[in-house]
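Here the structure comes first, spelled out in structure tokens, and everything after it is commentary.
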Amino acid sequence: DPVRVLFPTPPRDEIQSATFVTTSGGLVGGDVLELTAQVVGDAAALFYPQAAEKIYRSTGADCHIDVTLTVGPGGWLEWLPQETIVFDGARLIRRTTADVESGGRLLAGEMVVLGRAAMGETVQRGVIRDAWAVRRDRRLVWADALCLEGAIAETVAHPAGLDGATALATVVYSADDAASHLATARDLLAGAPDPVRVGASVVNDLLVIRFLAKDAAPLRQIFGEFWADFRHAMAGFPAALPRLWQ
């Protein structure tokens, strides 16, 4: 509790998938989730949540989410997020660790939305610590952390902070030839509308793509379009997203 795993029947020509369902409808302070996904051999699999994750206001305790992704030689693993919506006063500590061996490929991401825009809510206080570590053949190639606490609204609004953006996302692609696909990623992002700021770079042969917007809706759309097209370009899978994600 409160997580279940379902295995939807994939559409024709699509890879196997597993979807995580948070049966409680959201997470509160003190909740701890540990999610693990592993692909070995020549297998390919897509993992994704059934809906956006909600992190409710905490009375003081932290909510912990630990994600561990492992890809063996010849494997393909997709970790496709929906939004993590952080309520005002929430305390989220999330760690995502990925281990990819030579010959394996990983396409993984996260999306964070600060506050419930439809209710006019802004995140004034709380804690958000979202950390990543990606290893290639057991060697750390990328470590990244977002940390917001204290005067969160001021940091979000500051031009040297998020410049008013309340929706942000990251995609990483780890493969033997990931660095050679930087131009492909940038070409796919070229049509992103002005409300969404995007960028792609390579760090230690890891392809990293960033998204930033003041509104979650256009960011989600661009994120989804990029993901569908990129997976098709990299692996020949359908340029589509799961029906539950839609």
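The values are calculated or read from the model by the stated rules, or taken from the named source; none is laboratory data. None of the values given here were measured: they were computed from a predicted structure. With ideal geometry, Cβ positions are generated from the backbone for all residues, glycine too; neighbour counts draw on all protein chains shown. With ligands, DNA and RNA removed, areas are computed over all heavy atoms of the protein, side chains included. Shrake-Rupley method; radii C 1.70, N 1.55, O 1.52, S 1.80 Å.
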**OP:** Could you grab me the full set of residues in segment 219-246 that are open to solvent by less than 30 Å² (accessible area, probe 1.4 Å) and within 20 Å of residue 114 (Cβ to Cβ)?
**Re:** 219, 222, 223, 224
Original post:
Hey, which of the strands (runs of 3 or more DSSP E) in segment 1-47, taking only ones fully inside, have at least 2 residues that are open to solvent by 30 Å² or more (accessible area, probe 1.4 Å) and among the aliphatic types (A, V, I, L, M)?
Top reply: 3-6
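Residue-wise test of (1) farther than 30 Å from residue 72 by Cβ; (2) in contact (Cβ under 8 Å) with a residue 40 or more places away in the chain.
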{"site": "138", "(1), (2)": "no, no"}
{"site": "148", "(1), (2)": "yes, no"}
{"site": "152", "(1), (2)": "yes, no"}
{"site": "183", "(1), (2)": "no, no"}
{"site": "216", "(1), (2)": "yes, yes"}
**OP:** Could you please find all residues in segment 26-66 being over 20 Å from residue 131 (Cβ atoms) and touching a Lys or Arg at 6+ places or on another chain (Cβ under 7 Å)?
**Re:** 26
Subject >> Where residue 73 falls short, out of the listed (1) in contact (Cβ under 8 Å) with a residue 12 or more places away in the chain; (2) closer than 20 Å to residue 228 by Cα >> reply: (2)
Original post:
Looking only at strands (runs of 3 or more DSSP E) that fall completely inside segment 62-116, which ones have 1 or more residues that are in contact with a Phe, Trp or Tyr (Cβ under 8 Å, 6 or more places away or on another chain) and at pLDDT 95 or above?
Top reply: 63-71, 76-79, 91-100, 105-114
Original post:
Quick one: would you say residue 123 is open to solvent by less than 30 Å² (accessible area, probe 1.4 Å) and part of a loop (DSSP other than H, G, I, E, B)?
Top reply: yes
